Amino acid sequence: MSIALRKLKGRARFIKRAIWYCRGQYDRECSICGYEGRFLPYSWPPRIDAMCPACESVERHRLMALALKARDDLLKAGDDVLHFAPEAWLRPHLATFGLGSYRTADIRASKADEVLNIEAIDFPDASVDVAIASHVLEHVDDSKALPELFRILKPGGRFLCMVPLIEGWDTTFEDPSIDSMKERKKHFEGKRHLRYFGRDLRNRMAAVGFDVDEYTAEGRDVVRYSLLRGEKLFIGRKPEQA
């Protein structure tokens, strides 16, 4: 058999296997909408069993929902919440918590209730109980965003944060010279990403005053809800005396 034919057969087997995997491999459960059954692939290269076909949540959405159910100290009745780059699934989910207010924010006017720059938030000091930003800090200057988030939180307020993060890296990987979308995609897995966080994210949050906590799903919950193994929700709490 020629080399060209072996390559062709190898590619055909790869395509066949990829199509088979994209059907969904196992029955899963959505921690947001309660759907049970096969999930869909998401993103490229595709992550298998990543997206709920009912509410279109992906792994990080289901992890945050699971954390909110497991930890009653993250959201409380009467809280005023500001949610940056809001995910559509969260609004009905948060309605079940009896919040005082829920406002969404984005740099683009069509995306949210408030047009806000997370690096310079046009809100008064100590005006928000909870700020949420999932997969936002890798897009912006976190050295400006984190102090602003700390500033607008009331004493005892919480910042709920998720980012792409590699626990095996001591320090965050970033380089201002990587400034094209092509190179950012190559280095950071996102065309508009400015960094890939290491475990020093905790230090970055603590440096502006946050007490840092985290939530990680484990064992059977990871399988049941089809989560990314080791993915974390970081919780930055503003001290009561701040």
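The values are calculated or read from the model by the stated rules, or taken from the named source; none is laboratory data. Please read all numbers here as calculations on a predicted model, not as lab measurements. In this analysis, Cβ positions are derived from the backbone assuming ideal geometry, glycine residues included, and neighbour counts consider all displayed protein chains. Just so you know, the surface numbers come from the protein's heavy atoms only, side chains and all, with ligands and any DNA or RNA stripped out. Shrake-Rupley method; radii C 1.70, N 1.55, O 1.52, S 1.80 Å.
Among the listed pairs Lys144/Lys238; Lys69/Lys144; Lys69/Lys191, those whose Cα-Cα separation exceeds 26 Å are Lys69/Lys144; Lys69/Lys191.
What does the helix-only formula give at 222 nm for the chain: each DSSP H stretch with n ≥ 4 adding -39500 (n - 2.57), the total divided by the residues, and the result rounded to the nearest 500 deg cm²/dmol? Show your work: numbers first, answer last.
Values: 7 runs with 68 residues, N = 242.
Here the helix-only value at 222 nm equals -8000 deg cm²/dmol.
Label segment 88-129 by shape, choosing from rounded, prolate and oblate, from the square roots a ≥ b ≥ c of the eigenvalues of the Cα gyration tensor; if a/c is under 1.5 it is rounded, and otherwise prolate applies when a/b is larger than b/c, oblate when it is not.
Working: a/c = 3.09, a/b = 1.32, b/c = 2.34.
Oblate shape, in that a/c is at least 1.5 and b/c is the bigger or equal ratio.
Springs between Cα atoms under 10 Å define the GNM used for the chain, and in it the highest mean-square fluctuation of Gly78, Gly168, Gly157 occurs at Gly168.
Rounded to a whole number, what % of the accessible area of segment 21-105 do carbon and sulfur atoms account for, probe 1.4 Å?
On the way: 2050 of 3990 Å².
The C+S portion of the solvent-accessible surface of segment 21-105 is 51 percent.
Ligands, DNA and RNA left out, the 1.4 Å accessible surface of segment 187-241 is 43% carbon and sulfur atoms. Residues whose amide H comes within less than 5 Å of that of Ala50, counting only those at least five positions distant or on another chain, are Leu40, Tyr42 (H built at 1.01 Å from N in the peptide plane). Residues with amide H under 5 Å of Gly209's amide H, sequence separation 5 or more or different chain, H placed in the peptide plane at 1.01 Å from N; which? For Gly209, no residues qualify. For segment 38-61 versus segment 159-197, the spacing of their alpha-carbon centroids is 22 Å. Here the label points at Lys111 and Asp27, each 7 Å from Cα along the C-beta direction, are separated by 3.8 nm in the simple model.
How large is the accessible surface per residue of the chain, computed with a 1.4 Å probe and reported in Å² as a whole number?
Working: 13100 Å² over 242 residues.
For the chain, the solvent-accessible area averages 54 Å² per residue.
Please report the relative contact order for segment 33-129, taking Cα pairs under 8 Å with a sequence separation of at least 6, and give it as a percent rounded to a whole number. Please report the intermediate quantities before stating the final value.
Numbers: 117 pairs, mean separation 17.5, N = 97.
Here the relative contact order equals 18 percent.
Each residue of segment 37-54 is assigned a 3J(HN,Hα), and the resulting list reads x, 6, 9, 9, x, 8, 6, 9, x, x, 8, 6, 6, 9, 10, 5, x, 8 Hz, derived from the Karplus form 6.51 cos²θ - 1.76 cosθ + 1.60 (θ = phi - 60°), x at Gly and Pro. With R₀ fixed at 25 Å, the C-beta to C-beta distance from Glu56 to Arg103 puts the FRET efficiency at about 0.65.
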